[in-house]
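Q: Got a structure for you, written out below as structure tokens; questions coming shortly.
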Amino acid sequence: MNPSVVIGLSAVIVAIRDGEAVVLTVRPEAAAALPFGPFAPERDRTFELALREFVSSQTGFELGYVEQLYTFGDRGRDAPRAEVGAGAARVVSVGYLALTPSASADTVWAPWSRFFPWEDWRKGRPDLIDEGIKPALMAWAGKDAGRAARARLAFALDGASWNEERVLERYELLYEAGLAPEAARDAARADGRDPAEPAAISAALGEPMISDHRRILATGLGRLRGKLKYRPVVFELMAGEFTLSALQKTVEAIAGIPLHKQNFRRVVERTGLVEGLGRMDVETGGRPAELFRFRREELQARPALGLSLPGVRD
């Protein structure tokens, strides 16, 4: 007899590749999925150790920095059941965020902008918000002032300010409005049907993922964006030696917004967390730039804050 609840583990694993924030995915021949696997209480001592083991076995990739995100258990999240051996059980998933400085070539990585194209403001406000998302949300809101206000605040409509940390709130709003294709799939599964994985509704609304993996990914991205400002986690994405330009591009790729170069460098220097190496990077293709390293030893001596996002250009 199958247990009524089975615990699965899902991982949002983030790296930087060619200046883009990318996430590790599995099952490239079907709808994209995050690495996921079972937690076996009789075998696994901790959730994190189980996560590290199955990610390594699925991808051959060893995790570095890891932190727990949230527990996800909505009805209808049946896609991973075969992989976790759940049968007819309810699957509850514990999500994790992991960071790595290396997006290895023998694994499958996807830019997060494939799944959340409205989140990338590095070149300015994306046209797809006003051309595709706004009309669809306003049609859903109709004469409901509360719905219209939520859409306005989440997607910075009609002069409202953009808050880059509200990634999950925006996805949840699209899901509620039926604009995320996963919503119809999950409703059908809750009714006992077995629909195929859905296709994207439009380029503006991003690509769907299996189960609730896009919700888990949104949670991970929002957490990481917020954490940039109060913990030095960005350095977990950097190589041992880096230029300040590469550091800024990494922060911009995660936050999805452009930063003022001089102000950003002043913020970095004030933290005391980087040290110039007295050598130049001559492989940038342009003017040689000084190489720096992260002073990890400072974390042992004092609490270290993250990096503020100064001088953001509108």
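The values are calculated or read from the model by the stated rules, or taken from the named source; none is laboratory data. Given the structure is predicted, the values throughout are model-derived calculations rather than measurements. Methodologically, a virtual Cβ is constructed for each residue, glycine included, from the backbone with ideal geometry; neighbour enumeration extends over all protein chains shown.
Q: In this structure, is PRO101 surrounded by fewer than 20 Cβ atoms within 10 Å (Cβ to Cβ) and in a loop (DSSP other than H, G, I, E, B)?
A: Details: surrounded by fewer than 20 Cβ atoms within 10 Å (Cβ to Cβ): yes; in a loop (DSSP other than H, G, I, E, B): yes.
It is true that PRO101 is surrounded by fewer than 20 Cβ atoms within 10 Å (Cβ to Cβ) and in a loop (DSSP other than H, G, I, E, B).
Q: Here's something else I'd like to know. Look through segment 170-184, keep the residues that are acidic (Asp, Glu) and out of contact with any strand residue (DSSP E or B) (no Cβ under 8 Å at 6 or more places or on another chain), and return whichever of them is farthest from ARG223 (Cα to Cα).
A: GLU176
Q: Let me ask another. From PHE294, PHE264, grab the single residue that is aromatic (Phe, Trp, Tyr), closer than 23 Å to SER104 by Cβ and buried (at least 19 other Cβ atoms within 10 Å of the Cβ).
A: PHE294
Q: Just to be sure I understand the filter: pairs with C-beta atoms under 7 Å, separated by 6 or more residues or on different chains, first member in segment 286-311 and assigned by TED's automatic domain parsing to the domain that holds VAL274, second member surrounded by fewer than 16 Cβ atoms within 10 Å (Cβ to Cβ) and among the aliphatic types (A, V, I, L, M). Which pairs pass?
A: Filtered contacts from segment 286-311: PRO288/MET280; PRO288/VAL282; ALA289/MET280; GLU290/MET280; LEU291/LEU277; LEU291/MET280; PHE292/LEU277; ARG293/LEU277.
Q: Return the total of residues in segment 18-47 being assigned to a loop (DSSP other than H, G, I, E, B) and crowded, with 20+ Cβ neighbours inside 10 Å.
A: 4
Q: Condition (residue is surrounded by fewer than 19 Cβ atoms within 10 Å (Cβ to Cβ), of a type outside the set (Asp, Glu), part of a helix (DSSP H, G or I) and not assigned by TED's automatic domain parsing to the domain that holds ILE254) applied to segment 157-166: is it met by at least one residue?
A: no
Q: Which condition number in (1) in contact with a Pro (Cβ under 8 Å, 6 or more places away or on another chain); (2) at pLDDT 80 or above; (3) not basic (Lys, Arg) is the one that ALA98 fails?
A: (1)
Q: How many residues, within segment 289-308, are of a type outside the set (Gly, Ala, Ser) and within 19 Å of THR250 (Cα to Cα)?
A: Looking only at that region, the number is 9.
Q: Let me spell it out: the conditions are (1) assigned to a helix (DSSP H, G or I); (2) of a type in the set (A, V, I, L, M); (3) free of Cβ contacts under 8 Å to residues at least 60 places away in the same chain, and LEU217 meets all of them except one. Which number is the exception?
A: (3)
Q: Identify, please: which residue in segment 104-115 is under 14 Å from GLU20 (Cβ atoms) and of a type in the set (A, V, I, L, M, F, W, C) and is, among those, surrounded by the most Cβ atoms within 10 Å (Cβ to Cβ)? Full working, then the answer.
A: First, the residues of segment 104-115 that are under 14 Å from GLU20 (Cβ atoms): 109-115.
The next check asks that each one be of a type in the set (A, V, I, L, M, F, W, C); those that pass are 109-110, 112, 115.
Values: TRP109: 18, ALA110: 17, TRP112: 25, PHE115: 23.
Only one residue fits best here, namely TRP112.
Q: Out of all the residues in segment 109-127, is one or more of a type in the set (Gly, Ala, Ser) and under 15 Å from the mean Cα position of the chain (by Cα)?
A: Yes, some residue in segment 109-127 is of a type in the set (Gly, Ala, Ser) and under 15 Å from the mean Cα position of the chain (by Cα).
Q: Moving on to the next point. Look through segment 170-181, keep the residues that are in contact (Cβ under 8 Å) with a residue 40 or more places away in the chain and of a type in the set (D, E, K, R), and return whichever of them is surrounded by the fewest Cβ atoms within 10 Å (Cβ to Cβ). Before you say what the answer is, go through the steps one by one.
A: First, the residues of segment 170-181 that are in contact (Cβ under 8 Å) with a residue 40 or more places away in the chain: 170-172, 174-175, 177, 179.
Within this subset, residues satisfying the condition of being of a type in the set (D, E, K, R) are 170, 172.
On the way: ARG170: 23, GLU172: 17.
Across segment 170-181, the extreme among qualifying residues is GLU172.
Q: Looking at GLU283, GLU252, which one is within 20 Å of the chain's Cα centre (by Cα) and either assigned to a loop (DSSP other than H, G, I, E, B) or surrounded by 13 or more Cβ atoms within 10 Å (Cβ to Cβ) (or both)?
A: GLU252
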